[in-house]
Amino acid sequence: HYWKLCPWGRCMGSDCGPGGSQSRAVWCAHVDGWTTLHTNCDQNLRPSNQRNCFRVCDWHKDLYDWRLGAWNACVPVSARTFGAARPLPCSGGEEGIQTREVGCMLKADGLPADDAICEYFEPKPRLEQACLIPCPQDCVVSEYSPWTSCSKTCGTGLRNRVRSVLVPPLFGGALCPNLTEFQSCKPGPCKGPEGLYSHRVGPWGPCALLGSRTARQAKRRKGKGQGLRERGGAKDPETRELIQKKRTRNRLNRQDSPFWDIQVGYQTREVTCIHRNGSTVARKLQFCSENKDPLIIQSCVLPKACQVTEWAEWSSCSKTCVDPESPGGNRTRQRQVLQFSVGEEAPCPPLEESEPCEPQGGGVPPCTTYTWRTTEWTDCRVDVLLSQQDRRRSNMTGLCGGGLQTREVYCVQANAEVLKYLADLREKEKASPPVENRLCQGPVPNRSQLCQIPCPIDCQVSPWGAWGPCTFENCDDQTGKKGFKLRRRQISNEPTGGPGSCPHLVEAVPCDEPTCYGWQLLSLEKCLPADGQQCGPGARQPQVRCINSSGKSVDGSLCSPFPPPEPVACDVPCSRDCVLSDWTAWSTCSQTCSSKTVEGKQMRTRSILAYNAGEGGALCPNSSALQEVRNCNEHACTVYHWQTGPWGPCTEDPSSPSFNASAAVRSSSQGPCSLGMQTRKVICVRVNVGQVPPKKCPDGPRPTTMRPCQLPCKKDCIVTPFSDWTECPLICDAGMKKKQSRKRLIIQMPSNGGQECPEVLEEERDCEAPRSCPGFRWKTHKWRKCQLVPWTLRKDDPGAQENCGSGLQTRAMSCRQLDGTQGDISECLKFAKVMPPVTQRCQLPCQDDCQLTSWSKFSSCTADCVGVRTRKRALIGRSKKKDKCKNTQMYPLSETQYCPCDKYNAQPVGRWSDCILPEGARAESPLGMKVQGDIKECGQGYRYQAMACYDQDSRLVETARCNSHGYIEEACIIPCPSDCKLSEWSNWSRCSKSCGSGVKVRSKWLREKPYNGGRPCPKLDHINQVYEVVPCQSDCNQYVWVAEPWSVWKVSNVDLKENCGEGVQTRKVRCMLNTVDGPSEAVEDYLCDPEEMPLGARESRLPCPEDCVLNDWGPWSRCSLPCTRTNSRVRTAYTIRSPSVGRECPDTTDKEACSLNLNCFNYFYNITDWSTCQLSPNAVCGRGIKTRMLDCVRSDGKSVDMKFCEELNLERKWQMNASCVVECPVNCQMSEWSPWSDCSQTCGLEGKMRRQRLVVQASQGDGRPCPSQMEQWKPCPVRPCFRWQYSAWSECRVESVVCGEGMRYRNLSCFVSDGSADGEFSMVDEELCSSLELAVNGDKQILLKEPCTLPCPGECYLMEWSDWSSCVNICVKEAGVDFGSVQVRSRAVLAQEPENLQLCPDQVWESKPCTGGECFQYKWFGSSPPNSTGAWCQRSDGLNAAVCACEDGFTEVLSLTGRLRECAPIPVLEIPTAGDKKGDVKTSRAVNPTLPSTVQPGRSGRTWYLQPYGPDGKLKMWVYGVAAGAFVLLIFIVSMIYLACKKPKRPQRQRQQNNRLKPLTLAYDGDTDM
């Protein structure tokens, strides 16, 4: 039995923290798995079922967190997997795993805690992750350098050649090979004994002081001062003043400054004598006596470390406001120098440091924020949308429709007043002044937008109606008034601005006998014979009504003063009488008015229907009686009408009772503006004559001359306050006058008589010259006396003399402002150049030394470039008599140099710039915006090429030396854009239908295609035309057929007696234009509907006498709908002459069945498609109207008059007009060019200045597209590139000694170049670099000397460090992983004695990480291996290396120079196994020996590699033996095959049969080695 446990339950408790408890279930179980009693288990071993625990609450989240350990090293997966297969060869990297420790901790003290606490809030972070172990990276070395010269001039020496490390060994790669190769050399036998011994000097020891030297100096100065005072007591005041000044000057020159504590001490070094084999011998043995003994003691400066004060308090934060969005500020603190470092001590640490900060405290104001503001939109302008060819450019009045308006955008400080100002534009003082636009962030508001000028709707009137009756002007007042005949027309559409802009609607003609009421004849009744007879004369009674002058029916009593129309006489023919037809209607009056020479006429006719019977009946009249003519429109041709002028401006109405109040209101520009009055001129005009007195026109329709109007409110000009003055640059050049400016913007233009804008919007003034130019410099004082090492210390040094030798001298240093006044030392440290040295080595000449004067000044030049100048010096004192001093090679007494040459030549460099328009030539658009093509964006400009100036040594100098301003200018042309040019619109075609809805068309054709970015053409058809098609409506009654009366009968069956029978009648039918007054003029027949054309001839029977005579058939009645065969239509006629007794009249009714689409039709409405968007003739784009037409269509598809549909009361639910928009052709709008940028390079030939522009408004519709050039460049003026540059290190110098510890030196010089990548640097005068910071490649620590070791003869030593290699990226391209970059340098060994090779030190290399490394590839160059001669290994950056290998299966054979001679193939012997199906005999092929056999594709055998070449590159002997054996074996096999295959002779027949067999074909398996 054993105790079985459940997991611990949840931690429970009332308090958070460690006071909780948790429990678990514990029971006794049998080993077979079943549960049993507790007593069966050992009670002493029973686990507890309760324990204390940590109860986690939400607030614990801030107290606990996961502690994440660092990732351990990457371990290969194969190392962690038991029994893992052998890894494959490394290609890229090996998969690995790295682990770390993760635990829960208490944040406060970092103590570990239970993981369950942290897991309560977030899951446990992962403990391991995948990683990549890179492949071992072998060491890569460069090619060998050339061999050095022999280390000895005689005897046996060594030659060396070295190489450097390019890539260090990484990740367990192969170590670096030897960097040095040695080769013995024998220049020749030595004629005398070789020098075996030489001096070796050690390094200088530390600098030490000699006793209490400072106390002695102070005592000496004290005594000297007392003596002076004693001696000077009797001097006069002037002498005392001079002495005091000298004393002050001397005190300045002494090192009493608290910033320097310079103490001169001494230092020593050890000198030994060594043998060539490296062993040291005693100097007293005089082995080195032939060499001059070196110095063993010298003066030195006691090193003192820099001392600085403690840090001062932090300054206040540079950011003084609260805004989390804006960048933070900085605060600084400083410390002062107490004492500068002296000697070899490190320079002083930084004296100022800064850190980011945010302002603290409650009273910190919020930061100033900036926002964009805009001015008012300008008036809407249509002209900017017109194309180049638009004729409306010449006359822009009346343009309407879509346009463009602009506004200025400026940046202001956002504050509370702005909101109030925007709400109340009159408060000019509240407007914010503009600030620099760069302060505003976020999107810039639009500077332009599309707008709409409503197009005026022109008044359209109907045709004139007919002339009315002669009537009084006013029927209510008829006394003494003249009469007028009036005709009227109506307004067919309401124009903009009301009917006042319409032409006159009433014309009047004076007339006599006016009346206000009259009888109107409606119809005449049927002719009734008199006295109840059946035939004979009778009368037709008129049907009349009483109408007023307007044609309206009124009560008949009003017409009672006037007699009604009389009955009209008529005849009812008897059976034997002649029968005449009724009169036709009167024709249209031939004239609209009458005069002395012209009268209006009307005509009507009738025809003979039947002739009379002989003599018994009434005779037919002659032909003249069949036609009647009467006068019409007898009124005179004097037509009058009222003509109105345009309405005048709206002016104040003084008669208005609210005039004074409204004026007061208007002055404050608040509330509604008052009403005013408009007037116009109204005159009476006689047509074709002109103005006549007003009494000639009727007063009734006289238009009004005054009307009320709304006075527009005045708007004053509003401008922003002036911006702040621009800053003045801090310049100290008094000759250059700088200016500062400020500006303000108009944000509301004046209108309606408001206050005008100020003329001055921009002001400029000269900057004040700064009182003193800030700047500091170091002031150096005179060098003090040269101090030697005390004689007591150097008297034992052989060759030393008491009052001469090498020493040190010091000088004082102070800080000055540029104006010469005293400055604080900290200012010079911050602003001045590098501090000059305060100590220097000096030499006090000994008696044996040669002493010379200083060099004189150079003599003046006689001629530039060809002349010379000299300077001289002379020997002093005893030196003049010493022979060694007279050696002018050692001590030259004169120097000669060529005179400076001031010959310069200018050369153009670089490419031509873009074509740039002159700045002043830019024309401002009236809108203040830049519209591509509408401002000066094209035309003649200039392009520039930089000029470089060179001196006679081809060194770059300032361009001013060549009297050049730095550029060559050349005129150039920016081609102007030309828009697509189309012809004007053609006239509209006639409507395609004469009845109902059709279309009409007009077109334009292409005249010129666009070029240079002009407006594109609209979509054209195949013949380069563009069409506009709109629906049109033709009145179906516009053209009507007019038939003349029937002609006289032409009887074919002539019965002269009866004058009757079968005959033919004809009449003329013409198509005529229908007008209000009736058909007026004949037109082409095709304009009338051919289906409606009346018959022009008819055959019928001319009634005989006493026959019944009927009139012509009346019109058919209309078929009732729907059309069915059961319905019918009828037409009727009536009897004009009754027949005689016994004869009957034919049927007076004709009937026919209704048949669909023959005589019976259904009617319905048909709606056309929408037209294109129609604009006003004065509009370019914008809102227009599209229309569609409604047709009445017959069921057979024919369009008919609308009345047919209207009579059926069909539903009309369609909207005929709709608004639409034509996209405006907005040209691309560009911003102004930005200011020219700073030069891309501060110096050199390749600097460029650039400027950009932005698209403010992209093109829309068919507008001109944006230009492709968004950036322009031009070259910068060429400036020489100066830089400080070190010279090469000198050889290691150990004065007058062969070897040991010495110094090497280098110079710091000023160099000039043209700044190009491959430009060479040339040395120039140091003054040209005086404005540069003293630094080399950014390093301000100038190092001009450093200790070095000069190897003794025979020593084996390490060379100097090589240069750092280029940065190499350790990359795995296959895995896409970057392992960082590294660079390396190395020191190779150099040997001089073959016997000392065993004493050589180890070669060393060191590496450091770097950034920006490149991933290099290595491959062979020259003739590619194999079979190469003189191939070399080259890195992808062009550097030669020694890392390439021959391809798999080849071995390298090198030449004596280390170059690859050839890659020789490695013979391979393959032994096929039993399962190898490709065991055919083939030539052996070289394969990679590093690959295991399991991964070689297609191979299953084993391979042995035999090296055919020896180390010397020659074939080994066994190769020749194997070749000879193989040849013998081949001969044997060929012989055996021949004997085995040879066949005996057979009979001829048999052989012929076998000849028919095909020969054996050798199967080819595709192997090229076959």
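The values are calculated or read from the model by the stated rules, or taken from the named source; none is laboratory data. Since the structure is predicted, the reported quantities are computational estimates derived from the model, not experimental observations. Cβ atoms come from the backbone with ideal geometry, glycine included; neighbour counts cover every protein chain shown. SASA here: full protein model, heavy atoms, side chains in, ligands and nucleic acids out. Shrake-Rupley method; radii C 1.70, N 1.55, O 1.52, S 1.80 Å.
For the reader, a short list of remarks on this structure follows.
- Residue 1205 vs. criteria within 30 Å of residue 1118 (Cβ to Cβ) and either of a type in the set (Val, Ile, Thr) or assigned to a strand (DSSP E or B) (or both): no
- Breaking point among (1) charged (D, E, K, R); (2) closer than 30 Å to residue 62 by Cα; (3) surrounded by 13 or more Cβ atoms within 10 Å (Cβ to Cβ), for residue 122: (3)
- When we screen 1188, 1143, 1137, 1194 for residues that are of a type in the set (Lys, Arg) and under 60 Å from the mean Cα position of the chain (by Cα), the only hit is 1188.
- Restricted to segment 1128-1166, and to residues there that are among the polar types (S, T, N, Q) and outside any loop (DSSP other than H, G, I, E, B), the residue that is farthest from residue 1203 (Cα to Cα) is 1135.
- Identification of strands (runs of 3 or more DSSP E) wholly contained in segment 1274-1323 with 1 or more residues that are among the aromatic types (Phe, Trp, Tyr) and either open to solvent by less than 70 Å² (accessible area, probe 1.4 Å) or touching an Asp or Glu at 6+ places or on another chain (Cβ under 6 Å) (or both) yields 1281-1286, 1308-1313.
- When residues in segment 587-610 are screened for being touching a strand residue (DSSP E or B) at 6+ places or on another chain (Cβ under 8 Å) and farther than 19 Å from residue 1112 by Cα, 14 of them pass.
- Boolean, residue 1169 is under 30 Å from residue 445 (Cβ atoms), part of a loop (DSSP other than H, G, I, E, B), out of contact with any Asp or Glu (no Cβ under 8 Å at 6 or more places or on another chain) and open to solvent by 60 Å² or more (accessible area, probe 1.4 Å): no
- Flag if residue 441 is part of a loop (DSSP other than H, G, I, E, B) and open to solvent by 50 Å² or more (accessible area, probe 1.4 Å): yes
- Looking only at segment 24-46, and only at residues there that are assigned to a strand (DSSP E or B) and out of contact with any Ser or Thr (no Cβ under 9 Å at 6 or more places or on another chain), the one that is surrounded by the most Cβ atoms within 10 Å (Cβ to Cβ): 36
- The number of residues in segment 1212-1232 that are in a strand (DSSP E or B) and either of a type in the set (S, T, N, Q) or without any contact (Cβ under 8 Å) to a residue 24 or more places away in the chain (or both) comes to 3.
- Number of positions in segment 1097-1108 that are surrounded by 13 or more Cβ atoms within 10 Å (Cβ to Cβ) and modelled with pLDDT of 85 or more: 1
- Of all residues making up segment 489-516, the number that are within 54 Å of the chain's Cα centre (by Cα) and part of a loop (DSSP other than H, G, I, E, B): 5
- Of everything in segment 984-1004 that is among the hydrophobic types (A, V, I, L, M, F, W, C) and surrounded by 14 or more Cβ atoms within 10 Å (Cβ to Cβ), the residue that is farthest from residue 1199 (Cα to Cα) is 1001.
- Selection status of residue 106, farther than 30 Å from residue 181 by Cβ, touching a Phe, Trp or Tyr at 6+ places or on another chain (Cβ under 7 Å) and open to solvent by 40 Å² or more (accessible area, probe 1.4 Å): yes
- Remark: pairs (first residue in segment 887-902, on the phi < 0 side of the Ramachandran plot; second residue outside any loop (DSSP other than H, G, I, E, B) and surrounded by 12 or more Cβ atoms within 10 Å (Cβ to Cβ); Cβ separation under 6 Å; 6+ apart in sequence or on different chains) = 891/885; 894/872; 895/871; 896/868; 898/868; 899/869.
- Among the residues of segment 1172-1202, those identified as part of a strand (DSSP E or B) and either open to solvent by 40 Å² or more (accessible area, probe 1.4 Å) or closer than 15 Å to residue 1215 by Cβ (or both) are 1174, 1183, 1185, 1186, 1187, 1190.
- Residue within segment 547-561 that is closer than 30 Å to residue 1045 by Cβ, modelled with pLDDT under 85 and crowded, with 16+ Cβ neighbours inside 10 Å present: no
- Residue in segment 1396-1408 that is loosely packed, with under 13 Cβ neighbours inside 10 Å, at pLDDT 60 or above, in contact with a strand residue (DSSP E or B) (Cβ under 6 Å, 6 or more places away or on another chain) and within 30 Å of residue 186 (Cα to Cα) present: yes
- When residue 254 is tested against (1) modelled with pLDDT of 65 or more; (2) of a type in the set (Lys, Arg); (3) open to solvent by 50 Å² or more (accessible area, probe 1.4 Å), only condition (1) is not met.
- Residue that is most open to solvent (accessible area, probe 1.4 Å), among those in segment 745-771 that are under 21 Å from residue 713 (Cα atoms) and touching a residue at least 60 places away in the same chain (Cβ under 8 Å): 749
- Counting only strands (runs of 3 or more DSSP E) that sit wholly inside segment 770-843, those with at least 1 residues that are closer than 23 Å to residue 1329 by Cα are 776-780, 813-817.
- Any strands (runs of 3 or more DSSP E) falling wholly within segment 589-654 and containing at least 3 residues that are touching a residue at least 60 places away in the same chain (Cβ under 8 Å): 608-610, 640-644
- Members of segment 446-455 that are assigned to a loop (DSSP other than H, G, I, E, B) and open to solvent by 40 Å² or more (accessible area, probe 1.4 Å): 446, 447, 454
- In segment 367-389, the residues that are in contact (Cβ under 8 Å) with a residue 60 or more places away in the chain and under 22 Å from residue 977 (Cα atoms): 381, 382, 384, 385, 386, 387, 388, 389
- Subset tally (residues that are of a type in the set (Asp, Glu), farther than 20 Å from residue 378 by Cα and part of a loop (DSSP other than H, G, I, E, B)) for segment 750-769: 1
- Considering segment 402-438, the residues that are open to solvent by less than 50 Å² (accessible area, probe 1.4 Å) and among the aliphatic types (A, V, I, L, M) include one that is modelled with the lowest pLDDT, namely 418.
- Of all residues in segment 450-462, those that are in contact (Cβ under 8 Å) with a residue 24 or more places away in the chain and over 12 Å from residue 1176 (Cα atoms) have Cβ atoms under 9 Å from Cβ atoms of residues that are assigned to a loop (DSSP other than H, G, I, E, B) and among the aromatic types (Phe, Trp, Tyr), 6 or more apart or on another chain, in 451/377.
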